[in-house]
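The values are calculated or read from the model by the stated rules, or taken from the named source; none is laboratory data. All values reported here derive from a predicted model rather than from experimental measurement. Backbone-built Cβ (ideal geometry, glycine too); neighbour counts: all protein chains shown.
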Amino acid sequence: MPRVSVEVDGVKYDDDVEPRLLLAHYLRDRLGKVGTPIGCDTSNCGACTVLLDGLSVKSCSVLAVQADGKDVTTIEGLGDGQGLHPLQKAFHEEHALQCGYCTPGMIMASLDLIRENADPSDEEIREGLEGNLCRCTGYQNIVRAVHRAAGDMRQSPAHEEATR
C-alpha cells in the first residue's frame, strides 16, 4: 500500500492508504473530519469541497494518494479556535443555510473565491460557486453571505490570517 504524508488542518499525518481511497473517505473515516460531508460521490454537488494547497477541490474526486505532500484544509480547520471564521460567521448571520449539508463545501469554495477576488460581484460569486449545489436556500442568502464575509475580511487587520 502506498504511504501518504499529508497535513490536514495544521496536523501532519503519515498513513498507508489503498490506492483507490478517495480523499473524502480518508478525511472522514481515517481522520474523523466528519465536517466534510459526502453528498454524491460523483463530484456533482460540491458538499465535500476542501482546500488542497489553498485551492478548492471536491474531495470525492481526488484520491488520497494525490494529496501526498500537500496541505488540506477542511471546514474544521477554519477559524482561530476563539471564534468562527468570517465566512462561517457571515453564513450564520445572513441565514445562508437551512439544512446545512452543503454549507461546508460552499464555505470552502467561497474562501478560494475570495482569495482570488477580494471584492467579487454577484455574478462572480454565482459563477465561482456554480459547482456547489444547495437544494434549500435559493442561493441569494449565500451570495449575500459571501459579500458580507469578503467585506469583513477586507476590513479586518487580520485579513491575511482570515484568508488562510
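Points worth noting:
- Residue in segment 33-49 that is on the phi > 0 side of the Ramachandran plot, out of contact with any Ser or Thr (no Cβ under 6 Å at 6 or more places or on another chain) and in the same structural domain as residue 19 (by TED's automatic domain parsing) present: yes
- Any hit, segment 20-36, residues being buried (at least 21 other Cβ atoms within 10 Å of the Cβ), farther than 23 Å from residue 129 by Cβ and hydroxyl-bearing (Ser, Thr, Tyr): yes
- Selection count, segment 19-35, where residues are more than 15 Å from residue 71 (Cβ to Cβ), touching a helix residue (DSSP H, G or I) at 6+ places or on another chain (Cβ under 8 Å) and touching a residue at least 40 places away in the same chain (Cβ under 8 Å): 4
- Complete set of residues in segment 77-116 that are in a loop (DSSP other than H, G, I, E, B) and in contact with a Gly (Cβ under 8 Å, 6 or more places away or on another chain): 85, 101, 102
- Scanning segment 36-53 for residues that are at pLDDT below 95 and closer than 18 Å to residue 69 by Cα yields no hits at all.
- When restricted to residues that are charged (D, E, K, R) and on the phi > 0 side of the Ramachandran plot, segment 1-29 contains 1.
- Residue-level check: of (1) assigned to a loop (DSSP other than H, G, I, E, B); (2) free of Cβ contacts under 8 Å to residues at least 60 places away in the same chain; (3) aliphatic (A, V, I, L, M); (4) touching a helix residue (DSSP H, G or I) at 6+ places or on another chain (Cβ under 8 Å), residue 1 misses just (4).
- Matching residues, segment 47-60, being under 16 Å from residue 102 (Cβ atoms) and either out of contact with any strand residue (DSSP E or B) (no Cβ under 7 Å at 6 or more places or on another chain) or assigned to a loop (DSSP other than H, G, I, E, B) (or both): 47, 48
- Taking the conditions (1) of a type in the set (Ser, Thr, Tyr); (2) crowded, with 18+ Cβ neighbours inside 10 Å; (3) touching a Gly at 6+ places or on another chain (Cβ under 8 Å) in turn, residue 5 satisfies each one other than (2).
- Of all residues in segment 118-138 being modelled with pLDDT of 95 or more and of a type in the set (Asp, Glu), the one that is surrounded by the most Cβ atoms within 10 Å (Cβ to Cβ): 124
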